[in-house]
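Taking it in order: structure first as structure tokens, then the write-up.
The values are calculated or read from the model by the stated rules, or taken from the named source; none is laboratory data. Computed from a predicted model, the values in this text were never measured in an experiment. Quick reminder, even Gly has a Cβ in these numbers, built from the backbone with ideal geometry, and neighbours come from all protein chains shown.
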Amino acid sequence: MCDKKINIRAATRRDCEDIYIWLRDPISLSMFFSSSIPSYKEHKDWFNSSLNNSERKLYIGEVGSLKIGVCRFDVNKKNGMVEVSINMNPKSRGSGFGKRFLASSIKFFQNNQQCDLLAKIKPENIASLKIFKSLGFQEILSKADVIMLVKCDKEILFKEVDENDTDLLFDLLSQRVHSISHSKTPTKDDHKVFVKTHTYRHWAIIFEDDYPIGTFYLQEDNSIGLNILEPSIFIVSEVLNYIREEFKPNKEVKSKVAPYFFINVPSGNEKLNEILLQLDSIPIQVSYKI
């Protein structure tokens, strides 16, 4: 049965009751993050608003006349990702449809919108974890109550800065929207001097495949400067994992050097703040210019 063709279509109002029946299934309920069961009226209101929400897509998978499940895509502008989740019709579980249904839904969605994908799954949901990982989703965060995975078809690479990168760095600097160290973009001559004489412990350019998308630097006090033109949860997690793997914090000096790495983020950079919180980073202070 699992080799039968799966058709993907957008959900319609006719699917509302079926989806409600599926979500009330005990196995489905055990895998949801919310423990409350909505009334049918609450579900119907949510479903109808979802159909009219341009930032949410609901797709139904069908094999012949059998609806096998629903796949949901939510655009999250705060972290630059599209969150994806699936719920199977209990009657189609164990039939081998899950992986192909998810893959077909992603293909259907990305025909209109290429994007990075995010999934949040309970650690005990072994079947879903296997399905998502088999389709190239990478684990970026594991907690007692949730595992976070992302899928991105582009590779994040790093290159240590040298004097030959001056023009590239100035171009990235000119495109930067948020800044802590300066309120006015330095001149190109000032920038050249800075690149040549910088005192960063480490300074690197971040590439998405072959395209430069930002920089990061480490300072001797273990602070990190992170400047990404369009941050996403995938890119930020790759940068932080790279730093953890390649560097160790400098030894603590009381009141001068923290015993851990920490990131300074401009107050206006709400997107990066939101991403760091989702990656389980811990806020430690708020700084004010006086």
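Details
- Cβ-Cβ under 9 Å pairs, at least 6 apart or on other chains, the range 33-56 side outside any helix (DSSP H, G or I), far side among the small types (Gly, Ala, Ser): ARG56/SER49; ARG56/SER50
- Under the condition of being closer than 24 Å to LEU58 by Cβ, in contact (Cβ under 8 Å) with a residue 12 or more places away in the chain and not in a strand (DSSP E or B), the residues counted in the range 110-131 number 9.
- Residue-level analysis places PHE261 among those that are in contact with a Pro (Cβ under 9 Å, 6 or more places away or on another chain) and on the phi < 0 side of the Ramachandran plot.
- If you go through the range 262-274 and keep only what is in contact with a Gly (Cβ under 8 Å, 6 or more places away or on another chain) and either surrounded by fewer than 17 Cβ atoms within 10 Å (Cβ to Cβ) or not assigned by TED's automatic domain parsing to the domain that holds SER232 (or both), you end up with just ASN264.
- The sole residue among VAL257, VAL236 that is closer than 23 Å to THR199 by Cβ, in the same structural domain as LEU169 (by TED's automatic domain parsing) and not aromatic (Phe, Trp, Tyr) is VAL257.
- Set side by side, the residues SER174, SER142, SER134, SER179 differ, and just one is free of Cβ contacts under 8 Å to residues at least 40 places away in the same chain and either aliphatic (A, V, I, L, M) or closer than 30 Å to GLU220 by Cβ (or both), which is SER174.
- Any hit, the range 190-199, residues being among the basic types (Lys, Arg), out of contact with any Pro (no Cβ under 7 Å at 6 or more places or on another chain), exposed (fewer than 12 other Cβ atoms within 10 Å of the Cβ) and assigned to a loop (DSSP other than H, G, I, E, B): no
- Only listed residue being closer than 26 Å to LEU240 by Cβ and not basic (Lys, Arg), chosen from LEU117, LEU102, LEU66: LEU117
- When LYS120, LYS99, LYS78 are screened for being surrounded by fewer than 18 Cβ atoms within 10 Å (Cβ to Cβ), under 17 Å from the mean Cα position of the chain (by Cα) and over 17 Å from PHE33 (Cβ atoms), only LYS78 passes.
- Only strands (runs of 3 or more DSSP E) whose full extent lies in the range 204-282 are considered here, and the ones with at least 3 residues that are closer than 23 Å to LEU118 by Cα are 211-218, 223-228.
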